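The structure under discussion appears below in the form of structure tokens.
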Amino acid sequence: MARTSKLRHVVLQEFTRTLFERDPMGLNHPTNPDAENEYESEALSLLSRFSESCLIGCDDLPLQRELALGIVQQTFDFWFGRLSWRINDIEGLTDALLKVYVDSYPKHEQTEQSEVPSTT
């Protein structure tokens, strides 16, 4: 049975949970009753930018990671100004978000070997 893509709202929840667990800006204070949703706006921005940049269509994995890292940095710059330099392990955060994003799409396997005819 073919696997389908995850619904975007499910991916958004996973992005929000990833940001909550990693707490890159230190917003999850014990006294904050809404801490689990503290990063929802940032998660929505990140998911939108990942989708708009067609990261899923990039087969060059180092380039895909570089693009995702730039998106994460720019998004945190937008939301927190230049305070985003404080993000602890931005590369680890990027890798976690990119994994959630890539895993939300089905894996396509080539079932037949196709040959390109020689012109010589």
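Every number here is computed from the coordinates shown, using simple stated rules; none is lab data. A quick note: this is a predicted structure, and the numbers were derived from the prediction, not measured. Note that each Cβ is placed from the backbone with ideal geometry, even for glycine, and that neighbours are counted across all protein chains shown.
Residue by residue through the stretch 56-67, which ³J(HN,Hα) values in whole Hz follow from phi under the Karplus form 6.51 cos²θ - 1.76 cosθ + 1.60 (θ = phi - 60°), with glycine and proline marked x?
Each residue's phi maps through the Karplus curve to give 5, x, 8, 7, 7, 4, x, 5, 4, 5, 4, 5 Hz.
Please check: in the Gaussian network model of the chain (C-alpha springs, under 10 Å), which one of Phe20, Phe80, Phe50 has the largest mean-square fluctuation.
Judging by the Gaussian network model, the answer is Phe80.
Find me the longest stretch of the chain that has none of the exposed trypsin sites (Lys or Arg not before Pro), where exposed means in a DSSP loop (not H, G, I, E or B) with at most 12 other Cβ atoms within 10 Å. Each step should come with its number before you reach the end.
On the way: sites that count: Arg3, Lys107.
With a cap of 12 other Cβ atoms within 10 Å, the longest stretch comes to 4-106.
For the chain, set up a Gaussian network in which alpha carbons nearer than 10 Å are linked by springs, and say which option among Ala43, Ala68, Ala96 fluctuates the most.
Ala96
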